[in-house]
1. Picking from G67, G37, G3, which residue would you name as being assigned to a loop (DSSP other than H, G, I, E, B) and of a type outside the set (A, V, I, L, M, F, W, C)?
2. Test I74 against the criterion of being modelled with pLDDT under 95, assigned to a loop (DSSP other than H, G, I, E, B) and among the hydrophobic types (A, V, I, L, M, F, W, C), and give yes or no.
3. So which pairs qualify, if the first residue must be in the range 50-78 and in contact (Cβ under 8 Å) with a residue 24 or more places away in the chain, the second must be small (G, A, S) and assigned to a helix (DSSP H, G or I), the Cβ gap must be under 9 Å, and the two must be at least 6 apart or on different chains?
4. Suppose we filter I39, I28, I14 for residues that are surrounded by 12 or more Cβ atoms within 10 Å (Cβ to Cβ), more than 13 Å from the chain's Cα centre (by Cα) and either at pLDDT 95 or above or aliphatic (A, V, I, L, M) (or both); which single one remains?
Amino acid sequence: MIGSRNSEAINQVISAYTRDNDSLVDQIISILYWYRGAITREEVWQLTPYEREKKIEFINKRFKDAGDMMKKQIPVFV
């Protein structure tokens, strides 16, 4: 790819890497924020993509559950 000296293709590859990196950092920041000290930064960086995705799914499910409980006027954040 890079050996082809096709600047458009090279720019596309670099842009894709940049987007992927930004997405990874966003996921890591989200996990660190919502787990609030239960997991260290180094531990989050060592997670596999599957493990990171499962943690994000868990967080999103907890928000959905809390929202459903709040709609039923069940105390959530006591």
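1. Numbers: G67 fails: assigned to a loop (DSSP other than H, G, I, E, B); G3 fails: assigned to a loop (DSSP other than H, G, I, E, B).
Residue meeting the stated conditions: G37.
2. yes
3. K55/S30; I56/S30; I59/S30
4. Numbers: I28 fails: more than 13 Å from the chain's Cα centre (by Cα); I14 fails: surrounded by 12 or more Cβ atoms within 10 Å (Cβ to Cβ).
Checking each option against the conditions leaves just I39.
The values are calculated or read from the model by the stated rules, or taken from the named source; none is laboratory data. Keep in mind the model is a prediction, meaning the values are calculated, not measured. Because the Cβ atoms are built from the backbone with ideal geometry, glycine has one as well, and the counts that use them run over all protein chains shown.
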